[in-house]
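Enquirer: Structure below; questions to follow.
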Amino acid sequence: MDVGTEDRARYYPYEVDLGEDPDRLVLNMGPQHPSTHGVMRLVLELDGETVLRATPVVGYLHTGIEKTAEGKLYSQAVTLTDRMDYLAPLSTNLVYVLAAEKLLDVDVPERVQDIRVLMTELTRLNSHLVWLGTHANDIGAVTMLLFTFRERERILDIFEEITGQRMMTSYFRIGGLAADLPESGIREEVKGFLDEFPSKMEEYDILLKENPIWLKRTVGVCPISAQDAIDLGVTGPILRACGVEHDTRRSEPYSGYDRYDFDIPTQEEGDIYARYLVRMEEMRQSTRICRQALEKIPDKGPWHIEDFKIFPPPRKRLGTSMEAMIHHFKIYTDGIIPPKGSVYQAIESPKGEIGCYLVSDGSSKPWRVRFRPPCFVNLQALPKMIEGQLLADVVAAIGSIDIVLGEIDR
C-alpha cells in the first residue's frame, strides 16, 4: 500500500525515528511470541541490549464480552464473565453477580457467601499455580511447570466435582449458586488437598527460593516504586510487592471476608523476586482462608435466596401442572428486572482489583456493562519496569505481572 506522508502516523503508529545512530533499532516482540502469554505485541526501541522505550500493543484477541453482555438477560450474562480470565473464571463470576445483587439490593444467605469464598480462594490457588509454573518455565526452571500443574489438577478435579466444569467454570448465580454442594465426598476431597498443599509449597521453595540462577534473574530486576505503581493504578500482588498493603478483601469486605482471619503479604523491593514472594505467601493465606470456609459451611442450608423473581426455583417446587410449567418458563424468559440506577462492585482477583460497573434502564437487560480489569491496568506498568533494563529481562518482567489477554481484550 502506498501511504502518503500525512497518513504514516495513522498506519504506522509505532514507527520510531532512529536518526543517525546505528546502534538503535526497533524490535517487534509478538504477537505470536510464546512468552508474551497470549497475542500481545511489544514494540521495543533498543540501544544494543538496553530497552530505551517499550510500547504494549493489545487488541488482537478482542472478544466483545462487555457489548455481548448488554444484549443478554442479567442471568444469561453470567456465563460470559468466566471467559475473560480463563484462569480465574469464578472471580469474574463473583464480581458480576455481586454487582447485580447490589443493583437489586438483595443479600444472599451466609452459607452461600462461605461457599463463594471457598471457591474463589481455590480459584486464586489455581491462577497462582499456573503463574508460578509458566513464569519459572519462561526463565528456564522447566521442572516447576510439572510440579505446579500436578497440584492444579487436584483443584480442577474439585471444580469438576462441584460444578461439572474444569475450565471456564461458571457456578455463581445472581441470588445464589448454580447448585448445592455435592452431598458426600467433597469436603473430604477439599480437606485432603488443603492438608497436602503446604508440603508441596515447601517443594517449590526448595526448587526456587534460594536457587542462585533464579535469584540472578529476579532480584533487583525490573523494579517499580510504590509511587509509580499507585500513579499507574496498579493493584494486586504487584502493588503489594512495592510495600503497599492494599487488598480489597480487607479494605472493602465482600462475601463475608470480614469474618475471616488472614494476613496481607507485602514486600518492599518492588522487583520480580518481591512479586514472586508475595504470590507464594498469598497461596499460603488462601489455603488458610479455605480451611476456615470449609469449617463455616454447614452440611445443610439454603444455597439461594427465596425471591423467585430473582432466582427461579426448580420446576418441582412449582408442580407439574401446565400452569406451573408456563409460570416457570415465564420466570426464565422475562428475566430479572432491577430498578433504574448504576452500581460499581470491586473484588480482589488473583491479578488485582477487578470491578464491575452496571447500569440499569429498568429493563431485563443491562444498559451498560463495564469491567475494570486488573490485567489491562497492570500492563501500563510494564514500560516503567523494563525501560532501562536489558532485553533478556523483558520476558521475566512480562511473566511477573501475570497477564491474561482474554481479560485485557474483553
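The values are calculated or read from the model by the stated rules, or taken from the named source; none is laboratory data. Computed from a prediction, not measured in an experiment: that's the story for all the values here. Cβ sites come from the backbone with ideal geometry, for glycine too, and all protein chains shown count toward neighbours.
Enquirer: Those residues that are small (Gly, Ala, Ser) and within 30 Å of residue 227 (Cβ to Cβ), I need them from the range 333-379; list them, please.
Expert: Once the filter is applied, which keeps residues that are small (Gly, Ala, Ser) and within 30 Å of residue 227 (Cβ to Cβ), the range 333-379 yields 346, 349, 352, 355.
Enquirer: Select, from 295, 281, the only residue that is within 23 Å of residue 354 (Cβ to Cβ), assigned by TED's automatic domain parsing to the domain that holds residue 179 and not in a loop (DSSP other than H, G, I, E, B).
Expert: 281
Enquirer: Going by what's in this entry, would residue 339 be described as surrounded by 23 or more Cβ atoms within 10 Å (Cβ to Cβ) and not aliphatic (A, V, I, L, M)? Give the derivation first.
Expert: Working: surrounded by 23 or more Cβ atoms within 10 Å (Cβ to Cβ): no; not aliphatic (A, V, I, L, M): yes.
In short, no.
Enquirer: Looking at the structure I just gave you, is residue 406 touching a residue at least 40 places away in the same chain (Cβ under 8 Å) and within 12 Å of the chain's Cα centre (by Cα)?
Expert: yes
Enquirer: Right, next: Is it fair to say residue 376 is surrounded by 13 or more Cβ atoms within 10 Å (Cβ to Cβ), at pLDDT below 95 and among the aromatic types (Phe, Trp, Tyr)?
Expert: Answer is yes for this residue.
Enquirer: Collect the residues in the range 369-403 that are among the charged types (D, E, K, R), within 12 Å of the chain's Cα centre (by Cα) and farther than 20 Å from residue 32 by Cα, keeping them in residue-number order.
Expert: Answer for the range 369-403, where residues must be among the charged types (D, E, K, R), within 12 Å of the chain's Cα centre (by Cα) and farther than 20 Å from residue 32 by Cα: just 372.
Enquirer: Next up: Determine whether the range 217-225 contains at least one residue that is within 22 Å of residue 347 (Cα to Cα) and of a type in the set (Gly, Ala, Ser).
Expert: No - not one qualifying residue is present in the range 217-225.
Enquirer: Oh, and also: Can you name every residue in the range 27-62 that is crowded, with 18+ Cβ neighbours inside 10 Å and assigned to a helix (DSSP H, G or I)?
Expert: 36
Enquirer: A follow-up question, please. For residues that are assigned to a strand (DSSP E or B) and at pLDDT 95 or above, scanning just the range 330-351, find the one that is nearest to the chain's Cα centre (by Cα).
Expert: Result: 349.
Enquirer: Out of the residues in the range 351-369 meeting the condition of being crowded, with 18+ Cβ neighbours inside 10 Å and not small (Gly, Ala, Ser), tell me which one is nearest to residue 53 (Cα to Cα).
Expert: 351
Enquirer: Let me ask you something else. For the range 89-121, name all the residues that are buried (at least 24 other Cβ atoms within 10 Å of the Cβ), more than 21 Å from residue 158 (Cβ to Cβ) and of a type outside the set (A, V, I, L, M, F, W, C).
Expert: 96
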